[in-house]
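Colleague: Following this message is one structure expressed as structure tokens.
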Amino acid sequence: MLSIRQFSHVILRRLYSPIVIRCQSTTTTDLIKTSSTDIEQKPIQDYTPWATSETNRLIDYLSARIKAAGPITIADFMHEALLNPKYGYNTRHEVYGKKGDLITTSETTQLFAELLATWVINEHSTIGGNVLQLVDMGPGRGILLNHIIKILKQRKYSDSYTFFAIYEMNPLMRRRQAETLLGRSFNPLIANDYRVKDGNYSLIWFDDMKQLLSNNTYFIANEFFNVYPIHKFQKTPQGWKEVMVDWNPLTKQLHYVLSLKATTMSRLYENFLKNITDRQHIEISPQRAAMVQTICRHLTKYGGSLLIGDYGHWGEKSDTFRAFRKDELIDPLSDPGNADIIADVDFEELSTRGMEIPNVQFFGPISQRNFLYNLGLDKRLTDIIEDKTPEEQEDILSDVEKLMPGHFVNDIHSCVDDSLIGYVRTHSHLELAGRAVISRAPLPSVAIISGNGSGHEPAMVGFVGRGLLSAAISGSIFASPPSSDIFRLIVELKRRGAKQILLIILNYTGDRLNFGLAMERARELAIDIDMLVIADDAVVNNSIGPRGLAGSLLVIKVAGELAEQGKNMSEIVDICQKVRGHLRTIGLSASGIRAPGQHQSFELMDDEMELGMGIHGESGVQKLKLLPSRQAIDLALNQLFIGPSTLHLEPENNVLLFVNNLGGCSNLELGIIVKDAIENLERRKLHVKRVICGEMMTSFNMKGFSLTVLKISSDMNTTVLELLDAPTDAFAWPKTISATQSSNSIQALSDSLEFNDQFSSQLVINESYISFDSSTAELVHQALQAVAKKLYAEADKLNRLDAVSGDGDTGTAFTRAADAIARDLVNGKLSLDRPSSLFRRLGLIAESRMGGTCGAICGLFFAAVAKHLSLAKQTTKLIENLSDAFEAGIQSVESYARVQPGDKSLLDALIPAVDYIKSKRTHQTFTTNDWKELAVVAEHAAQETKNYIAKVGRASYTKANDNNVPDPGASAIAIILQAISDTFAKTSTH
């Protein structure tokens, strides 16, 4: 599995040594006295179609080579897959690496370059010396290096004493680097001196350390070491065996095998492997170690530092060998030559090999997040986004998050153990032994065990308890538990009195291998044990069958309750197999996964979704445009009827629906999904007897869900439902599962605006003496039309203002009110000649349509205005009545909402406007200039809110730097008064 991206760096003082020892790196492919009959088969692990020797020229070449000389090592396979002169991936592609995917905005690239340049400058000032030589190992297109060069120039690093060098073996990439750094497209010569286009700096491409200057050297190896070939070894009862690559003449595909005889590399590392006790697999890269030692020798002679940034670990990971094809994770053997193949860097190995060189010091590794923060990321990020638009800020922050995704963990290496301890300490019916969670309840005769990699919580730890699992075993994140841990748990439950043990696992290669190996070892001890594999995926079906998904939990619950009832293992397996055959699951996601220590195997745009993906981030069968819930669910459920693993359902069949949150869906979304799924199945004339819904088997933080349909056949109708309904103390299983309610239980209410209007009509309301004449009423009609039109036009602007420190919906809220006003104008529901009735209706619209703080303030204001006008007696001046009513509205809002001037709300524009109107109360009418000044007063007041600190609404709870952003509510008031003023100013006197 993938690991976190780590930085490790070497810091050296200037040291001198009379002798330079160079290390020649080699790839071992020798299989002396080993034939294909000596190879133990290792099952494949992939979920995509595999190429054959008939469809892939490199496989054809490798098959001929293997037939002639026997299986090859993983290192040899990587070398051919990447560097074969005719078919190798690197020789035929411009290889940008994952950093090309991660750094997208120019601001983020610049930020990353600034921080790396800061590291170089800090190291150079610490070590000393006049000359600075910066070496970039495998710099991709050269964009990052180009930024670093510009930054060093800005910081006055002289071109006479600053030199740059690039280590790049791919001729296609050398051409792209020349385009970026030299401004012209050509293949640069090795060790030839060129001049950088944005300065007079010297630049060379090199393939030997002797070609570098004899001065302080600072190496940057950003995602460089993970492409070096590795040798893989697997632990077996007979000792460590090297994993090899063989060719299957029947399928015409490559596959993994284990050499049962010692290979050159297994003999070379024999003593080292004997000391490995905590891992079942290990990866070793002699070439990687040789390169580190070569760099260290150069540094010990001339001084300098090495910075390594890569996906890696500190000796705790095992199987990290993987490939990417078009950004999708695939098995490396499935399509060599057409996929980028990598393996994580073992920083412990690099440290050990580097320390073999005298006077070398290693520091780290630390996470990339901490490394960048230590160099001042937060301050520079604040400076960069200060003058950006909200959209640009979001893009930059999103890219920075990809560089340094954060999680609430203490340490990547201990996060699984910490999580298990937390769960067990919270639930008294559980106990923890290593990574095995065991129920304290009396053990049934048949103990049910399951397990998986972590990252799917609450599965499986949350399903340990009476009537469910007797125990669960966890592996590292998205990695199967080691067979040794599984075997130890089996022995422990046998010791506690289990007569039989049933393993229930999901259909993944790692789980099948490790649980299978543990089961075979248990059988050697005469333990009565069996294994049930769940494969409920409705869309992906490959050589090992469909994948196991969330539907497996239903089988586990049935098995656990049967065991609790005292059934023997044969009876349990029979019933579970029937349930398994009537079970199908499909997943939908609007995002990939970003788990601690993991690389995101596929990414989706904001308007995309993935259909049929797996629970480890494996891509699905189709990438589609994001659809509304109803359409997306219809698309997903169609797969149950027409997909490769069709569930045979007929009208009037009974089914159970299981909606599982994959980790990132909100509860609001989950409610919509459940509703749409039930209705979809009912439209297909299926009877939904039960619905189980919740976050039960996640894919860490994936924003998606899975739908499981269990066909309840007539012969198991009552039995299965009773087993699923039976209580359990497992904390993640729903405490109550009730029968699905019919749609008749849903009561539809009338529109809230109409209800309030009807309710108000039943009240005895004083008839106001105040009215508008016909010409004024017509102007009110025109003004309201203008207000609605203006609010439509400014909605996006108001939403952007609100997004700075709120939830970005102020424009949308006022637009909803504008919709209602526009409809009322068409339908004649507004009493335009009766101010009290008009403001009462506007208040009802505000409170029922707008919502939020703005809706409540407007509702209170208009309601108080209406009440005051209904009680007032008409004076000779209409403006006096309106002034007093508006003042009553302000006082009502202040008394209920505790909002004061300066709190950064819409009152900050409304109060100055009302004060201005009150200042004109002695006038007979408003003049054209009065209307224009009213609009100016409101706009000026709205702009003044830039300098206020929010004390009401959602913005008051944030710490956003919004000093230069006006309040969106106040801006909306200014927009409304501008539209009203423009309308009345046209017909007023000067």
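The values are calculated or read from the model by the stated rules, or taken from the named source; none is laboratory data. No experiment lies behind these values; they were computed from the predicted model shown. All Cβ positions, glycine included, derive from the backbone under ideal geometry; neighbour counts span all protein chains shown.
Colleague: What's the number of the only condition in (1) small (Gly, Ala, Ser); (2) modelled with pLDDT under 90; (3) surrounded by fewer than 24 Cβ atoms within 10 Å (Cβ to Cβ) that Ala535 fails to meet?
Modeller: Ala535 satisfies every listed condition except (2).
Colleague: Please go through the range 471-492 and pick out each residue that is touching a Ser or Thr at 6+ places or on another chain (Cβ under 6 Å) and farther than 23 Å from Asp537 by Cβ.
Modeller: none
Colleague: Within the range 655-672, how many residues are part of a helix (DSSP H, G or I) and touching a Leu at 6+ places or on another chain (Cβ under 8 Å)?
Modeller: 0
Colleague: Moving to a separate point now. Please state which one of Gly597, Gly617, Gly551 is at pLDDT 85 or above, within 19 Å of Asn452 (Cβ to Cβ) and buried (at least 24 other Cβ atoms within 10 Å of the Cβ).
Modeller: Details: Gly597 fails: at pLDDT 85 or above; Gly617 fails: at pLDDT 85 or above.
Going through Gly597, Gly617, Gly551 in turn, just one is at pLDDT 85 or above, within 19 Å of Asn452 (Cβ to Cβ) and buried (at least 24 other Cβ atoms within 10 Å of the Cβ): Gly551.
Colleague: Residues that are over 14 Å from Ile341 (Cα atoms), assigned to a loop (DSSP other than H, G, I, E, B) and touching a helix residue (DSSP H, G or I) at 6+ places or on another chain (Cβ under 8 Å): does the range 75-84 have at least one?
Modeller: no
Colleague: Please tell me if Gln943 is at pLDDT 85 or above, within 30 Å of Ile384 (Cβ to Cβ) and surrounded by fewer than 16 Cβ atoms within 10 Å (Cβ to Cβ).
Modeller: Working: at pLDDT 85 or above: yes; within 30 Å of Ile384 (Cβ to Cβ): yes; surrounded by fewer than 16 Cβ atoms within 10 Å (Cβ to Cβ): yes.
For Gln943, the condition - at pLDDT 85 or above, within 30 Å of Ile384 (Cβ to Cβ) and surrounded by fewer than 16 Cβ atoms within 10 Å (Cβ to Cβ) - is met.
Colleague: Hey, could you check the range 558-570 for residues that are more than 25 Å from Leu647 (Cβ to Cβ) and charged (D, E, K, R) and say which is surrounded by the fewest Cβ atoms within 10 Å (Cβ to Cβ)?
Modeller: Ranking the candidates gives Lys567 first.
Colleague: Of the residues that make up the range 468-482, is at least one surrounded by fewer than 24 Cβ atoms within 10 Å (Cβ to Cβ), at pLDDT below 95 and in a helix (DSSP H, G or I)?
Modeller: no
Colleague: For the range 902-940, how many residues meet the condition of being at pLDDT below 90, surrounded by fewer than 16 Cβ atoms within 10 Å (Cβ to Cβ) and under 51 Å from the mean Cα position of the chain (by Cα)?
Modeller: 1
Colleague: Counting only residues that are under 29 Å from Asp340 (Cα atoms) and hydroxyl-bearing (Ser, Thr, Tyr), which one in the range 226-284 is nearest to the chain's Cα centre (by Cα)?
Modeller: Per the criteria, the residue is Tyr228.
Colleague: Within the range 242-269, track down each residue that is at pLDDT 90 or above and outside any strand (DSSP E or B).
Modeller: Answer for the range 242-269, where residues must be at pLDDT 90 or above and outside any strand (DSSP E or B): Ala262, Thr263, Thr264, Met265, Ser266, Arg267, Leu268, Tyr269.
Colleague: Whether any residue in the range 811-822 is assigned by TED's automatic domain parsing to the domain that holds Gln785, of a type in the set (S, T, N, Q) and farther than 30 Å from Asn964 by Cβ is what I want to check.
Modeller: Looking through the range 811-822, none of the residues is assigned by TED's automatic domain parsing to the domain that holds Gln785, of a type in the set (S, T, N, Q) and farther than 30 Å from Asn964 by Cβ.
Colleague: Right, Gly462: assigned to a helix (DSSP H, G or I), buried (at least 20 other Cβ atoms within 10 Å of the Cβ) and either touching a helix residue (DSSP H, G or I) at 6+ places or on another chain (Cβ under 9 Å) or modelled with pLDDT under 95 (or both) or not?
Modeller: Answer is yes for this residue.
Colleague: Next question. Is it true that Ser591 is polar (S, T, N, Q) and part of a loop (DSSP other than H, G, I, E, B)?
Modeller: yes
Colleague: Check the range 288-300 and report whether any residue there is modelled with pLDDT under 90 and out of contact with any Phe, Trp or Tyr (no Cβ under 9 Å at 6 or more places or on another chain).
Modeller: no
Colleague: Taking the range 283-322, which residues are surrounded by fewer than 23 Cβ atoms within 10 Å (Cβ to Cβ), in contact with a Pro (Cβ under 9 Å, 6 or more places away or on another chain) and farther than 21 Å from Lys235 by Cα?
Modeller: Those that are surrounded by fewer than 23 Cβ atoms within 10 Å (Cβ to Cβ), in contact with a Pro (Cβ under 9 Å, 6 or more places away or on another chain) and farther than 21 Å from Lys235 by Cα: Gln287, Thr300.
Colleague: I've got another one for you. Can you confirm whether the range 855-872 contains a residue that is closer than 24 Å to Gln924 by Cβ and surrounded by fewer than 18 Cβ atoms within 10 Å (Cβ to Cβ)?
Modeller: yes
Colleague: State which residue pairs qualify: first residue among the acidic types (Asp, Glu) and inside the range 270-297, second residue in a strand (DSSP E or B) in any location, beta carbons under 6 Å apart, and separation of 6 or more residues or different chains.
Modeller: Hits for this filter: Glu283/Lys232.
Colleague: Mind counting the residues in the range 648-668 that are under 35 Å from the mean Cα position of the chain (by Cα), closer than 17 Å to Thr740 by Cβ and loosely packed, with under 10 Cβ neighbours inside 10 Å?
Modeller: Number satisfying all stated conditions: 0.
Colleague: Answer with yes or no whether Ala339 is hydrophobic (A, V, I, L, M, F, W, C), touching a Phe, Trp or Tyr at 6+ places or on another chain (Cβ under 8 Å) and closer than 28 Å to Gln253 by Cβ.
Modeller: yes
Colleague: Look at Ile504 and say whether it is of a type in the set (A, V, I, L, M, F, W, C), touching a helix residue (DSSP H, G or I) at 6+ places or on another chain (Cβ under 8 Å) and not in a helix (DSSP H, G or I).
Modeller: Considered against the rule, which asks whether it is of a type in the set (A, V, I, L, M, F, W, C), touching a helix residue (DSSP H, G or I) at 6+ places or on another chain (Cβ under 8 Å) and not in a helix (DSSP H, G or I), Ile504 comes out as yes.
Colleague: Failed condition for Ala526, given (1) free of Cβ contacts under 8 Å to residues at least 12 places away in the same chain; (2) among the hydrophobic types (A, V, I, L, M, F, W, C); (3) crowded, with 21+ Cβ neighbours inside 10 Å, with all others met?
Modeller: Condition (3) is where Ala526 drops out.
Colleague: Further question on the same structure: Search the range 214-228 for residues that are over 14 Å from Thr300 (Cβ atoms) and pair each with any residue that is acidic (Asp, Glu) and not in a strand (DSSP E or B) when their beta-carbon atoms are under 6 Å apart and the residues are at least 6 apart or on different chains.
Modeller: As it stands, the answer is Tyr218/Glu123, since those pairs meet every condition given.
Colleague: Next up: Which residue is farthest from Glu123 (Cα to Cα), if the candidates are limited to the range 187-225 and must be small (Gly, Ala, Ser) and not in a strand (DSSP E or B)?
Modeller: Ala191
Colleague: Looking at Arg325, Arg369, Arg380, can you tell me which residue is basic (Lys, Arg) and over 28 Å from Asn410 (Cα atoms)?
Modeller: None of the other options fit; the residue is Arg325.
Colleague: Still on this structure, I have one more. Tell me which residues, restricted to the range 150-173, are buried (at least 16 other Cβ atoms within 10 Å of the Cβ), at pLDDT below 90 and under 23 Å from Phe225 (Cβ atoms).
Modeller: Asn170, Met173
Colleague: Further question: With the requirement that a residue be crowded, with 22+ Cβ neighbours inside 10 Å and not in a helix (DSSP H, G or I), what does the range 794-829 give you?
Modeller: Within the range 794-829, Ser805, Gly806 meet the criteria.
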